[in-house]
Amino acid sequence: MANITAAEVNKLRKMTGAGMMDCKKALVETEGDFEKAIDLLRKKGQKVASKRADKEANEGIVLAQTTADNKYGVVFMLNCETDFVAKNDEFVNFANGIMEKALSEKPASVEDLKALKLNDRTVEENITEMVGKTGEKMDLSGFEVIEAEKVFAYNHMGNKLATVLGLNKANGVDEAGHQLAMQVAAMAPVAVDRGDVPQEVIDKELEIGREQAREEGKPEAMLDKIAEGKLNKFFKENTLLNQDFVRDSKKTVAQFLKEVDGDLKVTGFKRLMLGA
């Protein structure tokens, strides 16, 4: 059996962040081979992830950020089980490292993001290592991007909610973009305008409206008209341009946009929130 020194154990601990006893056991089992020991610690993380697969990972961090030219924005969610881990500096720094990689590499999907290299390992392998260190289930569960002439990112206090929003113009729109990104955070619209709402959502809302009217004892001949009225209310409350503007409820978001610039348009938005 290899004679493992305290210095070697400490070196592995610094390399991996794993506990002292875990590092010593890994070095003993691999006869002092650091690469094999690191692999063994990763495997431990994989076992922990598997063992805790039934746990809920509803805590974590949500981050939004744009590239330096403000033409590309990312919002993603990194989940864990407890708020204690979510606020840990190592977890937060890890999330920020993922954000830097996402902005520089511009992956197309969450799977592509997980496959990117970070510290000589994939993002997914790094997540597995974090599982091994914390003993908590973790997952990069949400990843969205927006590309536009100007993209705005908004991070709500506490990093549990964040948005990115795109506008079709870049000049003189900073305050408007910031306000609209906050509007998306506060009011959780499902689409930019009524024409952007998926047909299956519309069909579902109409069916719910008809059923509600039927339960209220309304005549069958009136159900479709009542359902249409309820659908219009849904559009008013759940599409960004038709919502009341949070900063001034006397006007809609569409009216606010027109006041800023008659040609200003929201090209898209993304919103992620823990537990949603």
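The values are calculated or read from the model by the stated rules, or taken from the named source; none is laboratory data. On a predicted model such as this, the values are computed, not experimentally measured, just so you know. All Cβ positions, glycine included, derive from the backbone under ideal geometry; neighbour counts span all protein chains shown.
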Return yes when ASN168 is polar (S, T, N, Q), within 29 Å of ARG42 (Cβ to Cβ) and out of contact with any Pro (no Cβ under 9 Å at 6 or more places or on another chain) and no when it is not.
no
What is the one condition in (1) closer than 25 Å to THR66 by Cβ; (2) of a type outside the set (Phe, Trp, Tyr); (3) buried (at least 16 other Cβ atoms within 10 Å of the Cβ); (4) within 27 Å of the chain's Cα centre (by Cα) that VAL260 does not satisfy?
(4)
Can you find, within segment 26-55, the residue that is farthest from LYS14 (Cα to Cα) among those that are of a type in the set (A, V, I, L, M, F, W, C) and modelled with pLDDT under 70?
ALA53
The number of residues in segment 66-86 that are surrounded by 14 or more Cβ atoms within 10 Å (Cβ to Cβ) and assigned to a loop (DSSP other than H, G, I, E, B) is 5
Looking at segment 241-276, which of the residues that are basic (Lys, Arg) and in contact (Cβ under 8 Å) with a residue 24 or more places away in the chain is farthest from LEU140 (Cα to Cα)?
ARG247
All but one of (1) modelled with pLDDT of 95 or more; (2) touching a Phe, Trp or Tyr at 6+ places or on another chain (Cβ under 8 Å) hold for VAL173, so report the exception by its number.
(2)
